């Protein structure tokens, strides 16, 4: 049974990286009736630091001990993707609710294992940390598309191109290591998850990838290590109804355009620009130029991941951003991109 709304909800933290420290821990600590009772990080020293910084009373020697502890009701998983499936499945089997950091898993097979574990434990809440992109403008974009502001969708353009990996002298990042990150490439998953809030999954795609610098300095010792995740991705997609999509991702584009999503239709255009703030530009046939859309405060939405997770556990609202089924959809797209790039052929969706 779920804890009563008046009973303390006791949460354990597995993995306390930057996002967990900046968002999740403070978010949970701001909710009445929620207690962060335990934490385990990658080393005893980092576990102790997190516990001291946030006054978390218990330190666990490993994640297995934390997820099996009967004093914990729910688990927040903030590890790298290589542990998401294993920890999630174990936590659900142990009767815990689960909030797992994005990306969902390293590949579609792991994502489907997580979804199966959630289905097998229907009285447990299983939720993924959503893409933060587009949360502010989500309702307004949905309304514009529902009202046919752009007419018939003809082209979708998704851009995530910057210079985060342009400096080849920097240490190999974990996102460049397929053993840790899996098939997740740059911001492909996070932007495609955002796109899926507004348009359906493509029915077909063709992708190509490239790694322009195959080695980076070893972060834990001498010498260099191979880069096993591409730093450049281009994708062509076909959407239901015939619209076409173009995706461009890069980590080596000096002065690149950053993150953007464009909808081009038969009678209008919507451009969403992501940066320090989210900006929406709109224009229709006959307009001399595009204009910035002013979204009234009552239509703006923001980050409420921890509150939504707790409310779902308490039976007060469903999981809207993001359930495991939605995660499997963006992992399926990621998997299809990798298959197409590896084989040089177009891939149909959904995957068998």
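The values are calculated or read from the model by the stated rules, or taken from the named source; none is laboratory data. The structure presented is a predicted model; accordingly, all values stated were derived computationally and were not measured. Cβ sites come from the backbone with ideal geometry, for glycine too, and all protein chains shown count toward neighbours.
Annotations for the structure displayed:
- For residue 30, the test of being under 24 Å from residue 307 (Cβ atoms) and under 26 Å from the mean Cα position of the chain (by Cα) is passed.
- Put simply, of 301, 320 the only residue that is within 15 Å of the chain's Cα centre (by Cα) and assigned to a loop (DSSP other than H, G, I, E, B) is 320.
- Being modelled with pLDDT of 95 or more, assigned by TED's automatic domain parsing to the domain that holds residue 230 and surrounded by fewer than 17 Cβ atoms within 10 Å (Cβ to Cβ) is a property that residue 289 has.
- Only one entry in 182, 160, 189 is buried (at least 20 other Cβ atoms within 10 Å of the Cβ) and farther than 20 Å from residue 245 by Cβ, namely 182.
- Residue in the range 69-86 that is outside the structural domain of residue 293 (by TED's automatic domain parsing), surrounded by fewer than 17 Cβ atoms within 10 Å (Cβ to Cβ) and touching a helix residue (DSSP H, G or I) at 6+ places or on another chain (Cβ under 8 Å) present: no
To keep it simple, each residue is scored yes or no on (1) part of a helix (DSSP H, G or I); (2) in contact with a strand residue (DSSP E or B) (Cβ under 7 Å, 6 or more places away or on another chain); (3) at pLDDT 95 or above; (4) not assigned by TED's automatic domain parsing to the domain that holds residue 245.
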position: 309; (1), (2), (3), (4): yes, yes, yes, yes
position: 312; (1), (2), (3), (4): yes, yes, yes, yes
position: 328; (1), (2), (3), (4): yes, no, yes, yes
position: 333; (1), (2), (3), (4): yes, no, yes, yes
position: 337; (1), (2), (3), (4): yes, yes, yes, yes
position: 340; (1), (2), (3), (4): yes, yes, yes, yes
position: 350; (1), (2), (3), (4): no, no, yes, yes
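- Screening residue 62 against (1) without any contact (Cβ under 8 Å) to a residue 24 or more places away in the chain; (2) over 25 Å from residue 175 (Cα atoms) leaves a single unmet condition, (2).
- Every condition in (1) under 25 Å from residue 19 (Cα atoms); (2) touching a strand residue (DSSP E or B) at 6+ places or on another chain (Cβ under 6 Å) is met by residue 131 except one, and the failing one is (2).
- Put simply, of 282, 272, 261 the only residue that is surrounded by 16 or more Cβ atoms within 10 Å (Cβ to Cβ) and under 17 Å from the mean Cα position of the chain (by Cα) is 261.
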